[in-house]
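Let me begin by presenting the structure, written as structure tokens, before commenting on it.
The values are calculated or read from the model by the stated rules, or taken from the named source; none is laboratory data. Fair warning: this is a prediction, and the values are worked out from it, not measured in the lab. Please note: Cβ atoms are built from the backbone with ideal geometry, for glycine as well, and neighbour counts cover all protein chains shown.
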Amino acid sequence: MKMKKTLIMISAGLFAAVLLSFSYKQTSQPTPWAVPDSYKNKVNPLKGDAASLVKGKDVYNQFCKSCHGAKGKGDGPKASQLDTECGDFTKASFQEQTDGSLFYKTYQGRKDMPSYKTKIPEANDIWSVVNYLRTLKS
């Protein structure tokens, strides 16, 4: 009888652990996002002028805002549906990244972050988004 209770308790614990693993949203240490040096060192060919910022904001609103939010804080309406956090574009740790790194991450994607190489086929549109992201500071 004691063995049966023990097996039931172990089974219940395993079942609960499996359920929790499906609902767990990764909030602890995110895996570092490696960016190849060839991208990290790329120089943004666009100046952050008014035309680029307008274009960048338009593209951001179309493709990024639903997850990253209107002000880039990672609080868009779709953010809660993701397995990983969107990140906060206003944080210094984000803003310290090179333009090339931000271009690469947008272009390539990873996990919940989709690749935009076919959705935003014009490289200059992605560079404009990078310029716009630079305006999202806290």
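A few notes on this one:
- Of all residues making up the range 73-96, the number that are part of a loop (DSSP other than H, G, I, E, B), in contact with a helix residue (DSSP H, G or I) (Cβ under 9 Å, 6 or more places away or on another chain), without any contact (Cβ under 8 Å) to a residue 60 or more places away in the chain and surrounded by fewer than 17 Cβ atoms within 10 Å (Cβ to Cβ): 4
- Selection count, the range 99-121, where residues are in a loop (DSSP other than H, G, I, E, B) and either among the hydroxyl-bearing types (Ser, Thr, Tyr) or out of contact with any helix residue (DSSP H, G or I) (no Cβ under 6 Å at 6 or more places or on another chain) (or both): 9
- Complete set of residues in the range 56-70 that are aliphatic (A, V, I, L, M) and buried (at least 17 other Cβ atoms within 10 Å of the Cβ): 59
- Considering 43, 35, the condition of being in contact with a helix residue (DSSP H, G or I) (Cβ under 8 Å, 6 or more places away or on another chain), closer than 20 Å to residue 87 by Cβ and at pLDDT 95 or above is satisfied by 35 alone.
- Look at (1) assigned to a helix (DSSP H, G or I); (2) of a type outside the set (A, V, I, L, M, F, W, C); (3) in contact with a helix residue (DSSP H, G or I) (Cβ under 7 Å, 6 or more places away or on another chain); (4) surrounded by fewer than 20 Cβ atoms within 10 Å (Cβ to Cβ) and you find that residue 124 fails only one, number (3).
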